[in-house]
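No value in this document is a laboratory result; all are computed from the given coordinates. Keep in mind the model is a prediction, meaning the values are calculated, not measured. Counting neighbours? That spans all protein chains shown, and the Cβs are built from the backbone with ideal geometry, glycine included.
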Amino acid sequence: QFLAGLCGVEGAYPTFVLFKTCKQVGKVVGLKDDELERSIERALN
């Protein structure tokens, strides 16, 4: 719960918070496979 609070996660699970070089670069709330995949691809590029 502590870490979720630090990352701004408020009661919606699953929540995927993407980080790159210690900076948050994306967040996907809920299980949305296509949105999660696009967010990961953007974070890796």
Expected output for the range 24-41 (first residue surrounded by 13 or more Cβ atoms within 10 Å (Cβ to Cβ), partner in a helix (DSSP H, G or I), Cβ below 6 Å, 6+ apart or cross-chain) is Val25/Ala43; Gly26/Ser39; Gly26/Ala43; Val28/Glu35; Val28/Leu36; Val28/Ser39
Taking the range 13-33 and keeping residues under 15 Å from Asn45 (Cα atoms) and either in contact with a His (Cβ under 8 Å, 6 or more places away or on another chain) or hydroxyl-bearing (Ser, Thr, Tyr) (or both) leaves Thr21
Going through the range 1-23 in order, the residues found to be in a helix (DSSP H, G or I) and surrounded by 11 or more Cβ atoms within 10 Å (Cβ to Cβ) are Ala4
